[in-house]
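Asker: What follows is a single structure, and I will ask about it in a moment.
The values are calculated or read from the model by the stated rules, or taken from the named source; none is laboratory data. Not measured: the values here are computed from a predicted model. Note that each Cβ is placed from the backbone with ideal geometry, even for glycine, and that neighbours are counted across all protein chains shown.
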Protein chains: 2
Amino acid sequence: MITWNNLDTLESFKELSDVKKVNLAEVMTGENGAERVKNYSVPMAAGMAYNYAAKQVDDDVLEALKKLAKEAQLTEKYAALYNGEVINTGEKRLVLHQLTRGQLGDTVTADGVDKRAFYVEQQQKIADFANKVHAGQITNAAGEKFTTVVQIGIGGSDLGPRAMYLALENWAKKNDKFKMEAKFISNVDPDDAAGVLSTIDVAHSIFVLVSKSGTTLETLTNESFVKDALKNAGLDASRHMIAVTSETSPLAKSDDYLAAFFMDDYIGGRYSSTSAVGGAVLSLAFGPEVFADFLAGAAEEDSLAKNEDVMQNPAMLDALIGVYERNILGYPSTAVLPYSQALSRFPAHLQQLDMESNGKSVNRFGEPVDYVTGPVIFGEPGTNGQHSFYQLLHQGTDIVPLQFIGFKNNQMDTDVVIQGSTSQQKLCANVAAQIVAFACGKADDNNNKNFEGGRPSSIIIGEQVNPASLGALLAHFENKVMFQGFLWNLNSFDQEGVQLGKVLAKRVLAHETDGALKVFSDLLNI
Amino acid sequence: MITWNNLDTLESFKELSDVKKVNLAEVMTGENGAERVKNYSVPMAAGMAYNYAAKQVDDDVLEALKKLAKEAQLTEKYAALYNGEVINTGEKRLVLHQLTRGQLGDTVTADGVDKRAFYVEQQQKIADFANKVHAGQITNAAGEKFTTVVQIGIGGSDLGPRAMYLALENWAKKNDKFKMEAKFISNVDPDDAAGVLSTIDVAHSIFVLVSKSGTTLETLTNESFVKDALKNAGLDASRHMIAVTSETSPLAKSDDYLAAFFMDDYIGGRYSSTSAVGGAVLSLAFGPEVFADFLAGAAEEDSLAKNEDVMQNPAMLDALIGVYERNILGYPSTAVLPYSQALSRFPAHLQQLDMESNGKSVNRFGEPVDYVTGPVIFGEPGTNGQHSFYQLLHQGTDIVPLQFIGFKNNQMDTDVVIQGSTSQQKLCANVAAQIVAFACGKADDNNNKNFEGGRPSSIIIGEQVNPASLGALLAHFENKVMFQGFLWNLNSFDQEGVQLGKVLAKRVLAHETDGALKVFSDLLNI
């Protein structure tokens, strides 16, 4: 029997706040620090590991976190989710994104169909379509092969797929998996579409229109923009466009598209990279096999998240430590810092995933909560960030918990030796050095050069950014966010907070405003 | 006589904390809200205006902020800076980035030369060089014109120039100012350089190596990577490279470069976009006239920052409101939200500018301060962000002050009408709607759909992103950060917090580690 309780009503949460705080600089120094790095590590999928040695925890804190996981019934709630209960209570929907990559529990039936079978069917349809495009069986009207795919979508239909594409682009080029270049149009700013169109050959481009409802204003506007460009080039737009949408949307059966692939209401936009939303563009760019490997990595990570033993469940442990940092230690933000240029937009995706899921002030029953919830998430790849905002992370007045990601190998396999080491070694040396610098600091008589340390971080270490490890990374963070939502007793799967702005924007465009909104509209020449 | 005092010792700061807090939702409603939007606006350069109607201030708070500005001697401290006093006390240096765009006060002499004349001379040298490249007078060894310029630099040598290039790329294409495509290599991850090189024609590329000291490890490593690529293509690297550095650096007089252009120790990396660091790449990409217009916009904004009347000094007012939000209202982060795809990387530049300048815990005399300083800065362009992290901004448990930027016109001048409005109108309608949604909220019986409001924002409104407005925007934020540093009594011009990581990384590469660092190094295969 699952009970949904607020975090601050849990006995184990009160106990957690009484556990002695860890002096991170102290425990990470000397042989004790070395032992922590060896022991405080949890295996992940695709040969990765989550290392939390430099987090502000010790065995006592971990014991308390285990109790919290148990009392909050994290394992049971995850099971309820993947077995098809209505976890998205606000919108009265199932939450099934994990089902796009594997069957974790019972068969889930909704809308009269086996949903796992439905998602697999869509993947197969996409695979067939992509294979035909690559083989030149589906072409433009002149019978020429498509060379570019352009995703038109915003939010979850943009950030995740874009981050995944960028993460695998160079890997695919190196491994002979690169089929087509992908571009992305998202912003309603007309310069976004115009800018992208100025860099591509529309006659050889296929456009993927992504909108679950088929009513997203930005996306429909950009579709129209693109259709104008196709028409101006003397092309038949319907030969250049496919749709990814829900079966009930106006786009589903329109003649305006070469094909339509389906997702459904059980997959939120920010969780949709492994659905047709990511599947179409990634299968076209890299081939269906690459997308399948990506899904397999995610599925393996989803399975690990079922583990009742917190010490063998990286997403659950990451979630628990994050809540400890947010609600007991009082840190208001978290930085995500991948030491890999391939993951340059991964933090932007996590920013949506996390902040849109858990940036809420009411619990899943609509009652205000008395504790803080989702933190601000931001980040840039290392070593770039070191030369930018790390100053504040090291010596600022607020402590910002850090989430590092590092890989032993690069993707392109070209490197250079300078001062006795490769660039890849320098990259890895920097992330190792940062963890210890943040944790241990270094005393200096000159206060300006003094480092207090005590700044907590974790690191996920992998072999290389490739389809499987990328899928696992994505699933890890999705599951972390899910577990944190359970702990905070939130509905992590709706986003009512984005509605008011939409309503007011419509009013502005209809010139039905008064007061401040009217004057702002005038100032902006609307 | 200037006295440098900590914020919490100022009488006016104590008074400020006693001023009645403003109920933002209340004051922004109805006719009162309309009046605020009309009146709470300060003109900026290039036809822009800073509107703070939706900030949590009223005439009483503004009066207190004026007193604070006076007691903190903000105008006098700015004058001391541009007249050449040693404001960067930690490194015992002058702070002269404003001098790259105009003479604000006395002639400043350092290293035996008039520094304004020195910066102008470098601009002229760059202009001559760029004009010769564009005219085909400087070519590759085969006598062919260069078509691409690639900046190799990191931190301030990357983020600012990259953000500026992206901001003007489409404007230049539209206005017949586009001379060469620019690319950027920054990360020590070898996949960054390899990825960029895979997209360009090295035989027709000119590389700008940017390092003030001539010793930045990432940059020298990437230079070597690029030289290998040039050599492998059978090219003479010295015919393809120029240097931007200080006159005393090892790069300054090397035969490895076609030319060298100089900056100096009085310009910090994050303040260097208007020096040769931005000048070389932007003059090559868009022509020297465009760069000159950009400088003129910045110079005009710098002049406004001299105004003793806070109500006519947008950077000073912005700075004061930010400190009020941070130190009295207790908000820990700030989001920068440009409603312009051209400004997609402007927030990343501001993240460095702000967090590296004011993310400090000791004052300019090296004494720990008892108050919080620089906030976390993050942001993405709208409307993209609306479909991402705005959920937390609207309904999260923490209040995040917002800094909107909007323009009446787009750059590319192609648009489409959907549902009776253009994309540009939709873009502007959205930013207007967001300001009011954040400020006023909207009550709903369903708590999940309830918006409390009371979330403060400002907006800078301009005509269009063009060289002059971009220069003005850049200078506005540089000057805001400077004034905040004065208020917090920090040295905003050094960055000792980045040193420890560098030292430890060198130790890892030399295999001179023990404890936790040794084990992490092993885990990462270094």
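Asker: For the range B:186-210, enumerate the residues that are among the small types (Gly, Ala, Ser) and either touching a residue at least 24 places away in the same chain (Cβ under 8 Å) or more than 7 Å from every other protein chain (Cβ to nearest Cβ) (or both).
Answerer: Within the range B:186-210, B:Ser186, B:Ala193, B:Ala194, B:Ala203, B:Ser205 meet the criteria.
Asker: Same structure again: For residues that are assigned to a loop (DSSP other than H, G, I, E, B) and at the interface with chain B (Cβ under 7 Å from one of its Cβ atoms), scanning just the range A:397-412, find the one that is farthest from the chain's Cα centre (by Cα).
Answerer: A:Thr397
Asker: Out of everything in the range B:13-33 that is buried (at least 20 other Cβ atoms within 10 Å of the Cβ) and within 10 Å of chain A (Cβ to nearest Cβ), what residue ends up being farthest from B:Ala432 (Cα to Cα)?
Answerer: In this case the residue turns out to be B:Val27.
Asker: Suppose we keep only residues that are of a type in the set (D, E, K, R) and within 20 Å of A:Lys66 (Cβ to Cβ) within the range A:36-55. Which one would you say is surrounded by the most Cβ atoms within 10 Å (Cβ to Cβ)?
Answerer: It comes out as A:Lys55.
Asker: Please go through the range B:102-118 and give me each residue that is part of a loop (DSSP other than H, G, I, E, B) and closer than 19 Å to B:Lys77 by Cα, ordered by number.
Answerer: Passing the criteria: B:Gly102, B:Gln103, B:Leu104, B:Gly105, B:Asp106, B:Thr107, B:Val108.
Asker: Name the residue, out of B:Val42, B:Val57, that is assigned to a loop (DSSP other than H, G, I, E, B) and touching a helix residue (DSSP H, G or I) at 6+ places or on another chain (Cβ under 8 Å).
Answerer: That would be B:Val57, the only listed residue that is assigned to a loop (DSSP other than H, G, I, E, B) and touching a helix residue (DSSP H, G or I) at 6+ places or on another chain (Cβ under 8 Å).
Asker: Scanning for something within 27 Å of the chain's Cα centre (by Cα) and either more than 19 Å from B:Ala305 (Cα to Cα) or assigned to a helix (DSSP H, G or I) (or both), does the range B:13-23 turn up at least one residue?
Answerer: No.
Asker: Enumerate the helices (runs of 4 or more DSSP H) found wholly within the range A:460-526, keeping only those where 2 or more residues are under 17 Å from the mean Cα position of the chain (by Cα) and closer than 18 Å to B:Ser388 by Cβ.
Answerer: Because the criterion is at least 2 residues that are under 17 Å from the mean Cα position of the chain (by Cα) and closer than 18 Å to B:Ser388 by Cβ, the helices (runs of 4 or more DSSP H) in the range A:460-526 that meet it are A:467-488.
Asker: What's the number of the condition B:Thr221 fails, among (1) surrounded by 20 or more Cβ atoms within 10 Å (Cβ to Cβ); (2) outside any helix (DSSP H, G or I)?
Answerer: With respect to (1) surrounded by 20 or more Cβ atoms within 10 Å (Cβ to Cβ); (2) outside any helix (DSSP H, G or I), B:Thr221 is out only on (2).
Asker: Over 23 Å from A:Cys428 (Cβ atoms), of a type outside the set (A, V, I, L, M) and in contact with a Phe, Trp or Tyr (Cβ under 8 Å, 6 or more places away or on another chain): is that true of B:Phe207 in this structure?
Answerer: No; evaluated as a whole, the condition is false for this residue.
Asker: From A:Thr3, A:Thr107, grab the single residue that is under 30 Å from A:Ile267 (Cβ atoms) and touching a strand residue (DSSP E or B) at 6+ places or on another chain (Cβ under 7 Å).
Answerer: So the residue among A:Thr3, A:Thr107 that is under 30 Å from A:Ile267 (Cβ atoms) and touching a strand residue (DSSP E or B) at 6+ places or on another chain (Cβ under 7 Å) is A:Thr107.
Asker: Something else about it: Examine the range A:343-354 for a residue that is in contact with a strand residue (DSSP E or B) (Cβ under 9 Å, 6 or more places away or on another chain), among the aromatic types (Phe, Trp, Tyr) and within 30 Å of A:Leu24 (Cβ to Cβ), and state whether such a residue exists.
Answerer: Scanning the range A:343-354, I find at least one residue that is in contact with a strand residue (DSSP E or B) (Cβ under 9 Å, 6 or more places away or on another chain), among the aromatic types (Phe, Trp, Tyr) and within 30 Å of A:Leu24 (Cβ to Cβ), so the answer is yes.
Asker: Answer yes if at least one residue in the range A:509-516 is within 7 Å of another protein chain (Cβ to nearest Cβ), at positive phi and out of contact with any Lys or Arg (no Cβ under 6 Å at 6 or more places or on another chain), and no otherwise.
Answerer: Within the range A:509-516, one or more residues are within 7 Å of another protein chain (Cβ to nearest Cβ), at positive phi and out of contact with any Lys or Arg (no Cβ under 6 Å at 6 or more places or on another chain).
Results for (1) buried (at least 22 other Cβ atoms within 10 Å of the Cβ); (2) within 30 Å of A:Asn23 (Cβ to Cβ), shown as yes or no for each residue.
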| site | (1), (2) |
| --- | --- |
| A:Ser340 | yes, no |
| A:Met355 | yes, no |
| A:Asn358 | yes, yes |
| A:Val372 | no, yes |
| A:Val376 | yes, yes |
| A:Asn384 | yes, no |
| A:Gln424 | yes, no |
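Each row is one residue, and each column tells you yes or no for (1) aliphatic (A, V, I, L, M); (2) surrounded by fewer than 24 Cβ atoms within 10 Å (Cβ to Cβ).
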{"residue": "A:Ala142", "(1), (2)": "yes, yes"}
{"residue": "A:Val150", "(1), (2)": "yes, no"}
{"residue": "A:Asp158", "(1), (2)": "no, no"}
{"residue": "A:Ala167", "(1), (2)": "yes, no"}
{"residue": "A:Asp176", "(1), (2)": "no, yes"}
{"residue": "A:Lys179", "(1), (2)": "no, yes"}
{"residue": "A:Ile185", "(1), (2)": "yes, no"}
{"residue": "A:Gly195", "(1), (2)": "no, yes"}
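Asker: Checking A:Met180 against (1) touching a Ser or Thr at 6+ places or on another chain (Cβ under 9 Å); (2) within 26 Å of B:Ile418 (Cα to Cα), which single condition isn't satisfied?
Answerer: Unmet for A:Met180, out of (1) touching a Ser or Thr at 6+ places or on another chain (Cβ under 9 Å); (2) within 26 Å of B:Ile418 (Cα to Cα): (2).
Asker: Examine the range B:432-445 for a residue that is assigned to a helix (DSSP H, G or I), more than 7 Å from chain A (Cβ to nearest Cβ) and either in contact with a Pro (Cβ under 8 Å, 6 or more places away or on another chain) or under 30 Å from A:Ile399 (Cβ atoms) (or both), and state whether such a residue exists.
Answerer: yes
Asker: Across the range B:331-350, what is the total count of residues that are in contact (Cβ under 8 Å) with a residue 40 or more places away in the chain and outside any strand (DSSP E or B)?
Answerer: The number of residues fulfilling the criteria is 12.
Asker: Would you call A:Met355 farther than 30 Å from A:Asn5 by Cβ and either touching a Cys at 6+ places or on another chain (Cβ under 8 Å) or not basic (Lys, Arg) (or both)?
Answerer: no
Listed here are the residues, each with its yes/no results for (1) closer than 14 Å to B:Asn479 by Cα; (2) at pLDDT 95 or above; (3) more than 23 Å from the chain's Cα centre (by Cα).
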| position | (1), (2), (3) |
| --- | --- |
| B:Lys70 | no, yes, yes |
| B:Thr75 | yes, yes, no |
| B:Tyr82 | yes, yes, no |
| B:Asn88 | no, yes, no |
| B:Glu91 | no, no, no |
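Asker: I'm trying to understand the selection: among the residues of the range B:412-424, which are farther than 20 Å from B:Asn466 by Cβ and touching a helix residue (DSSP H, G or I) at 6+ places or on another chain (Cβ under 8 Å)?
Answerer: B:Val416, B:Ile418, B:Gln419, B:Gly420, B:Ser421
Asker: Any residue that is touching a residue at least 60 places away in the same chain (Cβ under 8 Å), closer than 30 Å to A:Met412 by Cα, more than 9 Å from every other protein chain (Cβ to nearest Cβ) and crowded, with 24+ Cβ neighbours inside 10 Å - is there at least one of those in the range A:491-507?
Answerer: No, the conditions are met nowhere in the range A:491-507.
Asker: If you don't mind, there's one more thing I want to ask. Of everything in the range B:360-396, what is of a type in the set (S, T, N, Q) and either at positive phi or within 7 Å of another protein chain (Cβ to nearest Cβ) (or both)? Give them in sequence order.
Answerer: The answer is B:Ser361, B:Thr373, B:Thr383, B:Asn384, B:Gln386, B:Ser388, B:Gln391, B:Gln395.
Asker: Against the definition (assigned by TED's automatic domain parsing to the domain that holds A:Thr109, surrounded by 16 or more Cβ atoms within 10 Å (Cβ to Cβ), under 24 Å from A:Ala348 (Cα atoms) and free of Cβ contacts under 8 Å to residues at least 60 places away in the same chain), how does A:Thr216 come out, yes or no?
Answerer: Answer is no for this residue.
Asker: Where residues in the range B:142-156 are within 29 Å of the chain's Cα centre (by Cα) and over 17 Å from B:Ile200 (Cβ atoms), which of them is farthest from the other protein chains (Cβ to nearest Cβ)?
Answerer: Across the range B:142-156, the extreme among qualifying residues is B:Gly156.
Asker: Here is a further query. Take the range B:133-185 and flag every residue that is among the aliphatic types (A, V, I, L, M) and assigned to a helix (DSSP H, G or I).
Answerer: Correct list: B:Val133, B:Ala135, B:Leu159, B:Ala163, B:Met164, B:Leu166, B:Ala167, B:Leu168, B:Ala172.
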